[in-house]
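In what follows, a single structure is set out as structure tokens and then discussed.
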Amino acid sequence: MFSKYYVPAGSSADGQFTTAVTPESAGWSEASLWTLELPPGADAELQSGENEIIVLPLSGSALVSSDGADFSMTGRLSVFDGPSDFAYIGRDSRYAITSDHGGRFALCGARARAKLPNRYVSAEDVPVELRGAGNCSRQVHNFATAETFAADSIIACEVITPSGNWSSYPSHKHDENSEIESALEEIYYFEIDRSPTGTEGFGYHRVYGTRDRPIEVLEEVRSGDVVLVPHGYHGPSIAAPGHNMYYLNIMAGPGEIRAWNICDDPAHTWLRGTWDHQDIDPRLPLRSHN
């Protein structure tokens with residue numbers, strides 16, 4: 001039986017959106033995600049409403065227009081081809097996405113109190129971090145984290161986990177405001193690389209709670225699947241051998257401070273010390289083919 005926090009690919013489709021996760025559907029208050037597929041020459045006219053939105057190409061290119069400004073996004077071939085450029089749209093804005101050659105786009109959203117200016121960021125300006133070591137090595141695209149991009153609430157990044165590796169590990173949580181944590185809802189959106197023979201790949205993702213706030217999620221994930229993390233420890237995300245794993249993280253919380261402060265599961269935090277004696281997986285960074 002699937003967890004209510006697991007959203008299989010296509011199960012949340014709504015109109016033009018292949019994925020639609022809103023605060024209302026997730027049962028929380030802040031974070032959202034829509035995925036949009038446009039055939040060549042198609043466009044979509046949208047409104048941000050009370051959300052700030054980041055338009056992120058998953059594959060393909062597009063023109064984003066809003067408030068008299070046009071942002072031409074080069075995009076990428078796939079999520080495994082390095083970071084992409086992106087466009088930020090402030091709340092209470094009308095915007096349009098037009099794709100001459102077609103593509104797939106993630107609309108990352110968070111409730112925003114302030115309307116900030118619309119902006120464009122090039123792929124070359126997205127910081128790429130290699131995190132962990134050994135079979136816990138992963139590649140992180142910090143395109144909209146609190147340290148790299150100014151926003152009202154949203155925190156977002158992409159993670160590439162090479163086949164056979166573990167990421168989001170040690171398991172950690174960020175579900176209360178304290179000296180060491182910030183309360184953040186989190187969305188994991190997954191894509192899994194196909195094998196050289198074209199077969200579909202898979203991975204696994206885990207969420208578990210505390211005695212006071214129980215939650216239990218252990219799901220096999222495939223391309224287009226979503227896992228919601230309202231609270232609790234989350235991780236590991238495990239990529240099956242032969243298949244690289246991608247996930248897009250979208251986080252937002254009701255607090256006044258925009259920060260990603262986490263607390264490891266005390267049973268597993270010792271693992272970080274072992275990385276000092278291991279090399280980063282030599283397969284990283286994955287090279288862009290754009």
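The values are calculated or read from the model by the stated rules, or taken from the named source; none is laboratory data. Quick caveat: nothing in here was measured; it's all calculated off a predicted structure. Glycine gets a Cβ as well: all are built from the backbone with ideal geometry, and neighbour counts include every protein chain shown. Accessible surface areas use protein heavy atoms only, side chains included; no ligands, DNA or RNA. Shrake-Rupley method; radii C 1.70, N 1.55, O 1.52, S 1.80 Å.
Assorted remarks:
- Solvent exposure of the chain, expressed per residue, is 43 Å² of accessible area, with all protein chains present and a 1.4 angstrom probe.
- Computed with a 1.4 Å probe on the full set of protein chains, the accessible area for residue 70 sits at about 100 Å².
- Taking 233, 95, 246 in turn, the Gaussian network model of the chain (Cα-Cα springs below 10 Å) assigns the largest fluctuation to 95.
- Fully extended contour minus Cα-Cα distance, from residue 81 to residue 177, at 0.36 nm per residue: 31.0 nm
- Area accessible to solvent at residue 128, 1.4 Å probe radius, in Å²: 70 Å²
- Longest exposed-site-free window of the chain, the sites being GluC sites (Glu not before Pro) in a DSSP loop that have at most 10 other C-beta atoms within 10 Å: 1-146
- Split the accessible area of the chain by element, probe 1.4 Å, and carbon with sulfur accounts for 51%.
- Stretchable slack from residue 2 to residue 131, in nm (0.36 nm times residue separation minus alpha-carbon distance): 43.4 nm
- The chain: calculated mean residue ellipticity at 222 nm from DSSP helix runs of at least 4, using -39500 (n - 2.57): -500 deg cm²/dmol
- The distance between label points at residue 101 and residue 277 comes to 4.9 nm (points 7 Å beyond Cα on the Cα→Cβ vector).
- Comparing mean-square fluctuations of 184, 38, 248 from a GNM of the chain with C-alpha springs under 10 Å, the top value falls on 38.
- Virtual spin-label span in nm between residue 119 and residue 148, 7 Å along Cα→Cβ: 1.3 nm
- GNM flexibility winner over the chain from 106, 252, 42 (Cα, springs under 10 Å): 42
- Expressed as a whole percent, the proportion of Cα-Cα pairs in the range 133-290 lying more than 26 Å apart is 27%.
- Distance between the range 186-252 and the range 1-69 - C-alpha centres, whole angstrom: 18 Å
- Descending semi-axes in whole angstrom, ellipsoid equivalent of the range 86-193, from the Cα gyration tensor: 26, 21, 13
- Translational D in µm²/s for the chain (Stokes-Einstein at 25 °C, 0.890 mPa s, Kirkwood Rh from C-alpha pairs): 128 µm²/s
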